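Got a structure here, written out as structure tokens. Questions coming.
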């Protein structure tokens, strides 16, 4: 009987101790403070030298979708427990990166850069403000307008993953 009591006490203590240290985990490797219930994404301003129409709305919407798909946080208008705000700082569609022997560009680089401010009101030590930049190279024989949509999708997906990982995976 005393052995059974000892096992019950150990089990109860284990349960109590494990409940004191809660973090939410997801299949993406995210560790979100259990106290955080809501998330907000403010509309991204386009501050780049070259303005691509609709890019700021696309980035805002895709970040919201990614967060909703990969966390249990409730998306809210206004300010959530976790809040993202930012701007597009770079939109550079055609920078030569590989030059041929006759001084022609063989490859061009398409770059998008963003600045993000992340605030977590339940765990302020997670707050950050930083810049992210991603690019894709494409053959200069391609018309940029024909590859722009696919390249934009690839770059935005990578930027959003970078932002998500920095905020919730803490890499």
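Would you say residue 84 is closer than 28 Å to residue 39 by Cα, assigned to a helix (DSSP H, G or I) and touching a residue at least 40 places away in the same chain (Cβ under 8 Å)? Reasoning before the result, please.
Details: closer than 28 Å to residue 39 by Cα: yes; assigned to a helix (DSSP H, G or I): no; touching a residue at least 40 places away in the same chain (Cβ under 8 Å): yes.
Here the answer is no, as residue 84 does not meet what is asked.
Of the conditions (1) in contact (Cβ under 8 Å) with a residue 12 or more places away in the chain; (2) closer than 19 Å to residue 157 by Cβ; (3) surrounded by 13 or more Cβ atoms within 10 Å (Cβ to Cβ), residue 57 fails just one. Which one is it?
(3)
Separate question: Got a sec? Which of 67, 155, 112 is at pLDDT 95 or above and under 15 Å from residue 42 (Cβ atoms)? If you could, list the steps in order and put the result at the bottom.
On the way: 155 fails: under 15 Å from residue 42 (Cβ atoms); 112 fails: under 15 Å from residue 42 (Cβ atoms).
So the residue among 67, 155, 112 that is at pLDDT 95 or above and under 15 Å from residue 42 (Cβ atoms) is 67.
Take region 124-161 and flag every residue that is under 25 Å from residue 78 (Cβ atoms) and surrounded by 15 or more Cβ atoms within 10 Å (Cβ to Cβ).
If the condition is that a residue be under 25 Å from residue 78 (Cβ atoms) and surrounded by 15 or more Cβ atoms within 10 Å (Cβ to Cβ), then 126, 132, 156, 159, 160 are the ones that fit.
Restricting to region 117-171, what's the tally of residues that are touching a residue at least 60 places away in the same chain (Cβ under 8 Å) and part of a strand (DSSP E or B)?
1
The values are calculated or read from the model by the stated rules, or taken from the named source; none is laboratory data. All values reported here derive from a predicted model rather than from experimental measurement. Because the Cβ atoms are built from the backbone with ideal geometry, glycine has one as well, and the counts that use them run over all protein chains shown.
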